[in-house]
Every structure is written in C-alpha cells, then in structure tokens.
2 protein chains.
Amino acid sequence: MNAHTRAVSPVARALFDKAIAGDIAAISRLLSSLEADDGLACSLCCLSWIHRRPGTVGFTGPPGAGKSSLVSATIRRLRELGATIAVLAVDPSSPVSGGSILGDRFRMREHTLDPGVYIRSMSSRGASGGLARATADCAAFLSGIYDWVLLESVGVGQGEVDVRTTVDTTVVVLNPGTGDVVQSLKAGILEIADIFVVNKADREGAMVLQADLESLIASVGSRGDWTRPVIPTIATEGFGIKGMVDVLYERRMFIEKPEVVEEHRRTQLTSASAAIFKDELRSSLDEFLLSPEWRKLASALTSPYEGAGEILRWLRSVQPH
Amino acid sequence: MNAHTRAVSPVARALFDKAIAGDIAAISRLLSSLEADDGLACSLCCLSWIHRRPGTVGFTGPPGAGKSSLVSATIRRLRELGATIAVLAVDPSSPVSGGSILGDRFRMREHTLDPGVYIRSMSSRGASGGLARATADCAAFLSGIYDWVLLESVGVGQGEVDVRTTVDTTVVVLNPGTGDVVQSLKAGILEIADIFVVNKADREGAMVLQADLESLIASVGSRGDWTRPVIPTIATEGFGIKGMVDVLYERRMFIEKPEVVEEHRRTQLTSASAAIFKDELRSSLDEFLLSPEWRKLASALTSPYEGAGEILRWLRSVQPH
C-alpha cells in the first residue's frame, strides 16, 4: 500500500498551472492521469483539493428519469448566466471508452462546439483504481477550472459508482407514477439527496410524488440547516430549469458560509480518504490472498475468524512505501 | 478489531454437541448467536468449520424466476430420497424478522410440519455483523447437522448478500424470454454459477435461452474439471427436478474428490476470512472516522491521499484484542 505522502511533483505542478489557465490539452492529459491513477495522479489530487471550488453537482436517479435532458437544460441555463461548465458522464456498465457513449447522447451535441463547455465520458475501462475514485478525483480537479462540474451517473444503487459523497450537491431525479420513491427509499438515496427534481412533471401523479417527497423530507428532517427542496421540471421543454439553477446557486452560497464550509470540506475529505484507503486495501488484499504465503496459511486454518486474524497480522506487517 | 484467536468456549461446545445430535432448541439458540455475532459466535464458527459438509446450495436469480418454487420442489425430492434439509431464506431488503416473510412464502408451508426439514428466514434485523456473514456462518453450522442446506437469496447483484462464494454449489435460476442472460452477464453471475436452471421451461424462448447459456459456458470454459450443466425445469409441476437433484449429488461427489476437496475448502476459507476481516474493518473504520481524533486529523489534511495514509497509520497502531 502506498501512503502517498510524497511532495507534489514539478511536472504535475507545471501541467496543473497550464490546466488552470484553460489549456484544453493539459486538462485532457491530466484527466487521463487521474483516470489511470498513474505517477502524476497523487500530486494532481493534492493540487486539486487546494484549488477545488464547491461547484460539483451530481445528478442521480433511475434509468430513464431524464437525467441527460436535465443536465443538458442545466448547461444551457448556466451558459446564459455566463458560467463555464465541465460535464462528466459516468457509465459503470460500459467497458467502452468515452466517444461512443457521448455519440449516443445526442442531446449533448449542441454543447460540444461551445468552448465554455467541456464534456468527458468516464467508463470503467480507463479507470484502473476504481471508477468512483477516478470520477471523484476528476470532478475535484475540474472544479478548480470550470465554474460548475456536472456529473451524470447512470442508474441508482449500482454499487460501484457512488460519487454522491464527494460532490458538493446531489440532485436526485425522479418521475411521477413510476414507484420511484419506494425504489429510492430501498436504495437509500433519499438520505443523500440535497435537491429533489420531479422531472416529466406534466405526467399524471406529479403532484402526488411531490407531496410524498415533501412529507418524507419533513419526516426525516433537514440536513444541517439546508432544507431540501422539491422542484418540478419538464427538462425537454426547459420548464422549471431557471428555478432549479437558482437553487444550485443558493446551495453553493450555503456551502460557502463560514459555519458550513469547514464541516463540508472535512466530510468530503473523510469520505474521499476512506474511498482511497479502501481502494488500495482492496487491491493489496486481493494480491495477498493469491500469494503462496496466504495459500500456505489457508491450508492450516481451522476457521475464517482465525483467517481474519491472519489478514490483520499481514496488514500490520506491511510497510507503507 | 478482534483477531478471534481464543479457544472454543465450553458453553459453545456443549450447545454445539446438542445441536449436532438434532436438538432443535439448541439449533435455534445457536443460529441466533451466529446472527447476533454474540460471545458464542466465534467458538461456534470454529466448530462449524470442523464439522461442515459440502451440502450447502445457494439458489440465486432475478426476482420472479421461481426460486421459491424450485427450492420447495427440491426439498420434496430430497425428502423422497431420505435426506434431511435446512433452508435459509435470505431477504436483504426486509428489516422485518423471520416469521412474516415465511408467512408469505406459502409454498414452504407444506414442509413446516416435517421434522426432517428446518426452515429459517434471515433478514438484516437480527444480523448485527452483516447479513452475508451471518448467513454464511449459519449455513456452515447447519451443514454439519442436515444433509443439505438450501439458501434462497432474494435478487441478484444486490450487493450486500453475496453468499455465493461461501456455498458449495451455486444454482442460478433464469427464465426464458426475459433478457435475464444479458442482465446476469452484467451482474457477473454467470461466472459464479455451478449449475444453471432454465425454469418455466414450457415458455417460449426456453430452447434459445438454453442454447445461449450453453454457448456462453463453452466460451468461458469449465471451472476446474466441473462442466456446468444447463437444466430445464418447470418447478411448479415438478418437471426436471429429479434430474436437477441428481446433479446436486454429482456436484457433491465432485467436491469430495481428494484432488478437489482441499482447494475447495481453501477457497471457501479465504473468501470467508476476507469477509470477516472486511466486516470488522468496516465497523472499526466507521468508528474511527467519527472520533475526535480523526476530526482533528481531517481538519489539517490537504488531500485525501494524505488522509488514506493517516487511516493506514491508524490501522497499524490498533492492537488486536
């Protein structure tokens, strides 16, 4: 396991400075480094955390809820307001890289020629150290360069890609009449939402869904001093988008309050630290359990409790490098 | 973290001996201990691994595939052959305990008065140390008492309850015409199956599904020397069940071969050891990350890589007790 306490490399620093100044080639190069978790990644991650701004927004919700349309409408509105935007489209199920996924997302096409919008797809292929971790690192990095970083993740409760604890704001997108609330409750996503969007709000059941969500929120209580709003939208027609973007700015101001910002940062650092630790532990452990050393140990074990003890003993003997 | 290297407690030993002799009260008492991960659990787990037999069978597959019917038909056939059976019905989504779930599973009712069949539901409620671990421990324990232990788990790829690596045989139940194969491929369950059952084989598409599975198996290759069969059944009518139960016995004989048994046991011990270790680590880590010590550390962190290093440092300083 690597304890990553080295100093920031000068190469990373130089590229990072270029990226911060808006050099697209440098940005792409560094995102690839973060994805591949290569030699520059650690330095980059340190720099990213120094420069990160609270503009990362994750959009999550069941497949078909209209996340792509909502992200696209959000981009349009943010551009009207003069903001720059990076978009990370995350597809855990696809081993295929960037281009082809984006090709399918035709709603994004209108933005691809806009220099104020940077779009990148992330799939499991490029991400050697776990997609969730790579995505969180890339989002933190981009937040220092673009005013807003929008993450669109595919599916809910799909395990691997849980960037919700590392973004600043989580938007949960649901649809009327689909039983989404029950499913979402099961997947535990109601607890992590900062903003609820009832998309396709012209469909039957929109009022019921909104009321259900509001009573759920009332029963769970607010998170800190942030009261979670429920916003009806029809993303394909642009309905409700202005209001939603206003809420994104409100949320950002809320996070930047002196009494909130420190706790917010600590929470993010804690979950990101734990994610990196677990990631590194997982690969070291997998390696150890395939080693001749473990094979020999395992043959002599009488119970898995004893085995768990042996694993702990091994871990304590590993020197961080 | 607890390295669990203590000797077997005399209380556990006495109760275990009663349970092995078929005392139902002792069996229930010890299953509750394993579920609650209480003071007896560790000793019990050691004893269970000494006495365990290769008769644990996990039934998995999408909701509605007919797992309950298949388990019930399997019980009926095994009873005809004079075998005794324990059934663990695992419901990760339900916080409700045993009784009420079983009440719904009316197909199980015919077996509840049969002294050769022991049925128990497991839900997250009773299982303090993780349902997957509790289920694996209970299955190992029951395998020393009953000829067969059948595990029926709800859903596929639901994360938490992955008992597949700790059972001796995994039966994957699929249905024709449902696109189950594609879903299963995504969830990675094809890799872990030992036996495929195409249930509801009178439906359209059964031949296609069977052919698809067989070509998939051919392309992936056999697991060791075990060639994975694809068995068509209509569980509600008993069709195909005799053949499936024959295959369960074949599989058992295969596992008991001298050249297979040691590797099989080592694989199981490894995955069970890793599960216990991760479980204990998770709770220790969660506790640490909520401590004032971590709070102080986190305030001074400049990056999550540094945080991951701090977590490793903490872990190395923890004394097993």
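Values for this structure:
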| quantity | calculated |
| --- | --- |
| Meets criteria (of a type outside the set (Gly, Ala, Ser) and within 21 Å of residue A:303 (Cα to Cα)) for residue B:263 | yes |
| Elements of type helices (runs of 4 or more DSSP H) in region A:21-96, at least 3 residues being under 26 Å from residue A:171 (Cα atoms) and polar (S, T, N, Q) | A:67-80 |
| Listing of helices (runs of 4 or more DSSP H) fully contained in region A:121-234 that carry 1 or more residues being modelled with pLDDT of 80 or more and over 14 Å from residue A:90 (Cα atoms) | A:131-143, A:206-220 |
| Count of region A:275-293 residues which are without any contact (Cβ under 8 Å) to a residue 12 or more places away in the chain and open to solvent by less than 10 Å² (accessible area, probe 1.4 Å) | 1 |
| Output for region B:296-309, where each listed residue is in a helix (DSSP H, G or I), facing another protein chain (nearest Cβ under 7 Å) and not polar (S, T, N, Q) | B:298, B:304, B:305, B:306, B:307, B:308, B:309 |
| Complete set of residues in region B:258-273 that are within 8 Å of chain A (Cβ to nearest Cβ) and surrounded by fewer than 20 Cβ atoms within 10 Å (Cβ to Cβ) | B:262, B:266 |
| For residue B:316: the one exception among (1) out of contact with any Leu (no Cβ under 7 Å at 6 or more places or on another chain); (2) within 14 Å of chain A (Cβ to nearest Cβ); (3) buried (at least 19 other Cβ atoms within 10 Å of the Cβ) | (3) |
| Tally of residues being within 14 Å of another protein chain (Cβ to nearest Cβ) and touching a residue at least 60 places away in the same chain (Cβ under 8 Å) across region A:21-46 | 5 |
| Count - residues of region A:274-284 that are more than 7 Å from chain B (Cβ to nearest Cβ) and of a type in the set (A, V, I, L, M, F, W, C) | 2 |
| Filter result (closer than 13 Å to residue A:273 by Cβ and over 31 Å from the mean Cα position of the chain (by Cα)) within region B:284-298 | B:294, B:295, B:297, B:298 |
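Yes or no, residue by residue, for (1) over 24 Å from the mean Cα position of the chain (by Cα); (2) open to solvent by less than 40 Å² (accessible area, probe 1.4 Å); (3) more than 16 Å from residue B:174 (Cα to Cα):
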{"residue": "B:206", "(1), (2), (3)": "yes, yes, no"}
{"residue": "B:209", "(1), (2), (3)": "yes, yes, no"}
{"residue": "B:214", "(1), (2), (3)": "yes, no, no"}
{"residue": "B:218", "(1), (2), (3)": "yes, no, yes"}
{"residue": "B:224", "(1), (2), (3)": "no, no, yes"}
{"residue": "B:242", "(1), (2), (3)": "no, no, yes"}
{"residue": "B:247", "(1), (2), (3)": "no, yes, yes"}
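The values are calculated or read from the model by the stated rules, or taken from the named source; none is laboratory data. What you are looking at is a predicted structure, and each value in this text was computed from that prediction instead of being measured. Reconstructed Cβ throughout: ideal geometry from the backbone, glycine too, with neighbour counts over all protein chains shown. We work out accessible area using only protein heavy atoms, side chains counted, and drop any ligands, DNA or RNA first. Shrake-Rupley method; radii C 1.70, N 1.55, O 1.52, S 1.80 Å.
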